[in-house]
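My questions all concern the structure below.
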Amino acid sequence: MFKPHQKNNLHPITPWQIIIKIFLIVYALLILYPLIWMLMSSVKPYEQIYRSPWSLPEKWLFENYSQAWNRGIAQYFFYSVIVTAVSVLGITVTSSLAAYGLSRFKSRIVDLVLLIIICGMMVNAQVCLVPIFRMLNAFHLLDTRWALILPYICFRVPLTTLLLRSYFLSISKDISESAILDGCNEFQVYALFYVPMSRPIMMTVVLLSSYYAWNEFLFANIFISSEAKKTIPSGLMNFRDALKTDWGTLLAGMVIASLPMIILLMVFQKYLVRGMSEGAVKG
């Protein structure tokens, strides 16, 4: 029996698409190569790092990681975990509550608060360094965990609030109105409906806040003076000075410091892409 000719659904690759793919491959290599080099060098002996920095390790010194962990990285690591966890919790709770109010209610006061939050995104941390230092000193918070946690929350809440508000605006108001008719108050609507329905953007906020708090260097270096309370970024500076030329152990410490954020991003990357795309639908 005669069969009608079926069109080929495969479209030919255009030269422009080939150029884009080549560009993306080169860009990915430029980003990955320093990480790969750091990983390889972290298991090399000191002599090989200087003699042949681009070659594979002749002798795999995995003990560099145990030395780095025992010489101070463990202390910085656990302190960073505490500061990051508390900061992320404060940022997520504060910004989600603020975003819920800004998305649910309409008034001049709400518009004024939204304008203040937008202006907060324009404030540079370096500009506020001296006033924040004096404020923390006045409240005797210098060289404590709160000297880092409170500024981290304040500087990240504007961005995360706007992201969450944009996502909350895309949620149908019929859901909240039905919940209120069933006897729920505003906080129950927020906790039982808005938060579970906003999981992608919530995870995006957690990822962005974690990355910021874990890698922040300026506040951690100035507001913390005790060696026992330093976080990973500022601690690695002293780690480098203490080890002098022991680059294998230093690079092993840098790998340990990088692993949590890399793993977190790999596990939750789908939430990051989805949250950023859906969170920009409305404003």
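The values are calculated or read from the model by the stated rules, or taken from the named source; none is laboratory data. Model, not experiment: these values are computed from the prediction. Please note: Cβ atoms are built from the backbone with ideal geometry, for glycine as well, and neighbour counts cover all protein chains shown. Only protein heavy atoms, including side chains, enter the accessible area calculation; ligands, DNA and RNA are left aside. Shrake-Rupley method; radii C 1.70, N 1.55, O 1.52, S 1.80 Å.
Return the FRET efficiency for the residue pair I222, Q67: r is the Cβ-Cβ distance, R0 is 45 Å, and the value is rounded to the nearest 0.05. Present the calculation step by step, with values, prior to reporting the outcome.
Values: r = 29 Å, r/R0 = 0.64.
Between I222 and Q67 the formula returns 0.95.
Using a Förster radius of 41 Å, what is the FRET efficiency between T144 and W16 based on their Cβ-Cβ separation? Nearest 0.05, please. Can you show the working numbers first?
On the way: r = 55 Å, r/R0 = 1.35.
Computed FRET efficiency for T144 and W16 comes out at 0.15.
Okay, next question. Taking a probe of 1.4 Å, how large is the accessible area per residue of the chain, in Å²? Before the final figure, lay out each step's value.
Values: 17420 Å² over 283 residues.
I get 62 Å² per residue for this part.
Could I ask something else about it? Given the peptides 254-263, 54-63, arrange them by the average over their residues of other C-beta atoms within 10 Å, most packed first. Provide the component values of the computation, followed by the final result.
Values: 254-263: 16.3, 54-63: 11.6.
Per-residue Cβ counts within 10 Å, averaged per peptide and sorted highest first, yield 254-263, 54-63.
Further question: Please work out how much length the chain gains when fully extended from L169 to L192, using 0.36 nm per residue of separation minus the C-alpha to C-alpha distance, in nm with one decimal.
Details: separation 23, 0.36 × 23 = 8.28 nm, distance 1.65 nm.
Stretched fully, the L169-L192 segment lengthens by 6.6 nm.
With an 8 Å Cα cut-off and a minimum separation of 6 or more residues, compute the relative contact order for region 75-158 in percent.
Working: 32 pairs, mean separation 45.8, N = 84.
So the answer I get is 55 percent.
I would also like to ask the following. Take the Cβ-Cβ distance between I263 and R199 as r, set R0 to 25 Å, and report the resulting FRET efficiency rounded to the nearest 0.05.
Details: r = 20 Å, r/R0 = 0.78.
Working from the Cβ atoms, E equals 0.80.
Plugging the Kirkwood radius over Cα pairs into Stokes-Einstein for the chain, at a temperature of 20 °C and a viscosity of 1.002 mPa s, what D comes out in µm²/s? Kindly include the intermediate steps, with their values, before the conclusion.
On the way: Rh = 22.5 Å.
Answer from the Stokes-Einstein relation: 95 µm²/s.
How many nm separate the modelled label positions at A85 and L112, each set 7 Å beyond the Cα in the direction of the Cβ?
4.0 nm
Given the DSSP H assignment, sum -39500 (n - 2.57) over each helix run of at least 4 residues in the chain and divide by its residue total; what's the result at 222 nm in deg cm²/dmol, nearest 500?
Working: 13 runs with 196 residues, N = 283.
When only DSSP H runs of four or more count, the value is -22500 deg cm²/dmol.
Now for a different question. Under the definition of Cα pairs under 8 Å and six or more residues apart, what whole-number percent is the relative contact order of the chain?
Values: 263 pairs, mean separation 86.3, N = 283.
It rounds to 31 percent for the chain.
Can you check what the net charge comes to around L115, using other residues whose Cβ is under 15 Å from the Cβ of L115 (Lys, Arg +1; Asp, Glu -1)? Before the final figure, lay out each step's value.
Details: positive: K106, R108, R165; negative: D111.
Cβ neighbours under 15 Å give a net charge of +2.
If I compute solvent accessible area with a 1.4 Å probe over the protein chains, what percent of it on the chain is carbon and sulfur?
Numbers: 12150 of 17420 Å².
Taking all protein chains in place, the chain shows 70 percent carbon and sulfur surface.
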